[in-house]
Each structure stands twice: as C-alpha cells, then as structure tokens.
Amino acid sequence: MSLPEEDLTCPVCCDIFTDPVLLSCSHSFCRSCLKRCWDTGLRECPVCRKRTAKSSPPSNLALKNVCETLLQTRRQSSVEEKNNCNLHGEKLKLFCLVDKQPICVVCQSSKLHKTHDCSPLEEAVLDCKDELALSLKTLQDKLNCLKRIHRSSTDMFNHIKSQTLETQRLIKSQFEQLHQVLYHEESARLAAVKKEEEEKIAGMKDKFKELSAEVLSLTETIAVIQEELKEDDMVLLKNFKATQDRSQSTSLNSDIMSGLLIDVTKHLSNLKHRIWEKMLDHIDYSPVTLDPNTAHPCLILSDDLTSLHYSKEPSCCPDNPERFHMSAEVVGMTTLGSGSHHWVVETGSNQDWLLGVASSSVPRNCEISARPENGFWTLCFRDGEFRAMTSPPTPLTVSRTPQQVKVQLDYNKGTVSFVDSADDTLIYAFTDTFRETLLPYFYTQSSHPLRILPEKVLVTMLRQ
C-alpha cells in the first residue's frame, strides 16, 4: 500500500521527512525542523500546540522507512530518465561522433543522425575520458604556467625597479661625461679669449709707446721750425734744407692702430657646430647593441651594451619570455628586415663563441641546434676549429685565427657573410631566403669578452 506524498511531507519544511520523530499528539516532524521550532519558543507541537514533556521524542521508524523507499524510487526513476532518449523514450545505447551526444537506435535511423558515424556508449566513454584527460592535462599545464608567472611577477616588479635605477645611473654617467667635455671646451675657449685680450692689451701698450715717441719727435720738429721762422732770413735759408728734411722725415703711420681689436669672429663663428665636431672625437657609435632583456642569466653585459662574457654565477633576473633560458645566448636590439648591415666583433682570447644572425621568432625556452632550418645562420669557433653551422656543420680552414670578425648581412640578396676584418678575407658565406626579420646573434661560454667595435662618425655638410 502506498501513501499519498502529502502524508510523507514535513509540515514545517514542506519536504519529504528526514529522520522523522513522533510526538505524543501523533504528529510527525523532521528531527531538525522540530529542534529549530523548540529552540525559538515553548516545547509544543508546531501543528496542534499541545505541549510535550519529552525533550527527545522517539524516531518514527515506519515513516522513515516509507520516506527512504520513496526517495530511492525517485532516484531510480531519475536515473532511468537520464538513460532514456528525450525524443523517443528508448534507452540511449549509441554515441554520435559528429554531434558529440548520446542517441538511441531510433535517433540513429532518423534524418538527423542517419549519415553520422556512431560508436557504442562503452567505447565512447573510454574515448571521451581519454580526450578529457588530455584536455585536463593541457589545462593543468596552463594553470601551472600561470602560477609560475604569478610567482615570478614579484621578481619582475623588483627587477623593473632595479633596471630603472641602474639605467638612470648610467644615463647620468654618460651625460656627466658629455658635460665634462663641454666644460673643458668652454674653459679652453674662454681662456683663449682672455689670452687674446692680454696680447691685444700688450700690443696696445707698445703702440702707445710708439705714439708717444712720434708725438715727442713731431713736437720737437714743430718747435725747430717755429724757431727757424724767427731767425734771420740768411740763417733760415742756410738751415732750410736740413729743416725741410727733418719735417719730411716725420710721417704719420695710418695703420698704427690696425688689428688691435679682439677677433670676435674667430671665437664665435659657428661655435656650436665646431664644438659638436670636437665632441664627435669623444663619441662612439655602435651599429649593434645587445638587448639585456634577452640575455641568458650567465651572460654579463657591459654598461654600454656592446660587450658580453660568460660567468658561472648566474645573475638575478626575471624569467621573462624574451630571455634565453637554456643556453648562453643573447640577441641585439636592432631588427633587420631589409637592406645591408654589418658589424665587427672583437673575439680576442675567446675560444668558444657563435656569431651571426637569428630569426626573431627562434624559441627562447628550449635548446635547439643553431642551424639554418631552425632560424640560425652562424659561424662557430670551438676547440680551436672554425665551423659554419650548416646541416651538418661545415669545417673551415683559415690561414690564421682572426681577432676581429665582420658579420655582413644583405637581407634582400639573402646572404650572411663572415670576414676577417684585418684583411677582408672571406671566411664563409650563407645564401638563403629570409622569410622574417632577423636579429644579430651572439653565444659564448668563455669568460673572455666578445666586443662589438664602434664605428667612427663622419659629418657631411649639404650645401644648397
């Protein structure tokens, strides 16, 4: 015999009884519902308000069994509904591989799924679990990667602060050097003006002496002539020639005051331009500078970013995506996507290096061979031997070990050449077709530095 569902419902929570208890008035309630009612007021029946003396009413086992049976029946019915087709009521036995959903045999025969591949549910479950397991692993890898990035964010924040302070220090240092050059030039040119002033004043003093002597001589001649004019006519005539000769010997030098002023033009003409030309003697231009954000932690770069060497003690730097993590590599700042470019690297005593160019997209977080098919066109020197890093590497014979290697790139022609800079002897040349932008590439595991040599700056005047 089955009871109506309303007889199995708690009058307090209006749901199927859970652990029902029976009061002396024959009303039943969920144990937890009754407790909440009694905690807020008198110990009485929530329905008829009849008081009870028992603080812990007995369980209604018969009602509990009926309620549990009802709930179990509901669960079984729910499971059966889930396993049956919503459209046809048939049991779901197949899995449509196209629509990715379980179907019944009637669905398989319908127009919707007739042409679709299907598999038994048992097989589909295994395949779907494998696919979800693979997706789960991918998502877990992404999560671990994000957690790793999150952990390194603090290090990156501190590194940005450190980079800012160090960069500002280096900028101030370089400007201080330029200031010193300007201060030196300013002092030298002010001193030159002062020296000319002293020379001109000394010259003026000499001219004053000459003028004073000439004034004295002229005054004496005038006095003599005035006295002669007072003499007797015969005496005047006898002394005329001598007096005349004396008057004619006194001549005024019209250039006596010439060239005594300061040569202002010499000091101020194109002053800024002449200072700039002199400053070029103190300025180096590097065709390639290294990018510290790409340098492996074991590479030490110079302050001016033109030199690198290897250190066994890695530096503290963040794990940013641009950085080479597996090998002691670094690339230059300049992106090369057209035209001709060259730079000279002083190898010196370094016995373990690679030089050349690399594609901008080469992986930074894994170790790969420096080969053209991987985006590298490089020359290698190791164990006293030169090799062009082709596939496989090509051993090279040179008459001497170059101390300076010139890297020449002609992007449009697709050539990368390596030349002994001392006598322009070709060491090796790659010919290829470049499909993306390139970057200057450097590798070393030597404590001896590789140094990019500066180029001289020339000034050309354009006249219109």
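Table for the structure above
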| quantity | calculated |
| --- | --- |
| Nonlocal amide H pairs with Tyr443, under 5 Å, H built at 1.01 Å | Leu354 |
| Distance (nanometres) between label positions extended 7 Å along Cα→Cβ at Arg274 and Ser360 | 4.6 |
| Per-residue ³J(HN,Hα) for region 199-213, Karplus 6.51 cos²θ - 1.76 cosθ + 1.60, θ = phi - 60°, Hz, x for Gly and Pro | 5, 5, 5, 4, x, 4, 4, 4, 5, 4, 5, 4, 4, 4, 5 |
| Distance between modelled label sites at Val235 and Ile262, nm, 7 Å Cα→Cβ extension | 5.6 |
| Heavy-atom surface of region 202-351, accessible at 1.4 Å and reported per residue (Å²) | 65 |
| Cα-projected label distance for Val125 with Cys13, points at 7 Å along beta-carbon direction, nm | 3.2 |
| Whole-Hz couplings from phi, Karplus 6.51/-1.76/1.60, listed for region 90-100; x for Gly and Pro | 7, 5, 6, 10, 10, 10, 6, 6, 8, 8, 6 |
| FRET efficiency, 1/(1 + (r/R0)^6) with R0 35 Å, evaluated for Ser59 and Asn83 via beta carbons | 0.50 |
| Two-site FRET efficiency, Leu190 against Ser340, from Cβ-Cβ distance with R₀ of 41 Å, rounded to 0.05 | 0.35 |
| Probe 1.4 Å, all protein chains present, accessible-area order of Thr138, Thr221, largest first | Thr138, Thr221 |
| Computed Rg/Rh of the chain, alpha carbon atoms with Kirkwood Rh | 1.47 |
| Solvent exposure, largest accessible area first (probe 1.4 Å, DNA, RNA and ligands not counted), of Arg148, Arg435, Arg51 | Arg435, Arg51, Arg148 |
| Surface share of carbon and sulfur [accessible, 1.4 angstrom probe, percent] for the chain | 55 |
| Other-chain or far-sequence residues with amide H under 5 Å of His296's (modelled H) | Phe324, Glu329 |
| Table column - 3J(HN,Hα) (Hz), region 108-114, Karplus curve with 6.51, -1.76, 1.60, x for Gly and Pro | 4, 7, 6, 4, 5, 10, 4 |
| Folded to 0 to 90 degrees: helix 61-83 orientation relative to the chain principal axis, Cα | 60 |
| For the chain, calculated [θ]222 nm from helices alone, where every DSSP H run of n ≥ 4 adds -39500 (n - 2.57) | -13500 deg cm²/dmol |
| For region 234-305, fraction of C-alpha pairs farther apart than 15 Å, in % | 79 |
| Net charge of neighbours whose Cβ lies under 10 Å from the Cβ of Ile275, counting Lys and Arg as +1 and Asp and Glu as -1 | +1 |
| Arg371, Arg246, Arg75, ranked by accessible area, largest first (probe 1.4 Å) | Arg75, Arg246, Arg371 |
| Å² per residue, accessible surface of region 15-145 at 1.4 Å | 72 |
| Straight-distance crosslink candidates among lysines, where the alpha carbon sits under 22 Å from Lys205 and sequence neighbours closer than 8 are dropped | Lys194, Lys195 |
| Amide proton proximity set for Thr437, modelled H, under 5 Å, gap of 5+ | Ser360 |
| Average Cα contact separation per residue, the chain, under 8 Å, 6 or more apart, as relative contact order % | 11 |
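The values are calculated or read from the model by the stated rules, or taken from the named source; none is laboratory data. Please read all numbers here as calculations on a predicted model, not as lab measurements. We place every Cβ from the backbone using ideal geometry, glycine too, and count neighbours over all the protein chains shown. Areas reflect the complete protein model, heavy atoms only, side chains present, ligands, DNA and RNA absent. Shrake-Rupley method; radii C 1.70, N 1.55, O 1.52, S 1.80 Å.
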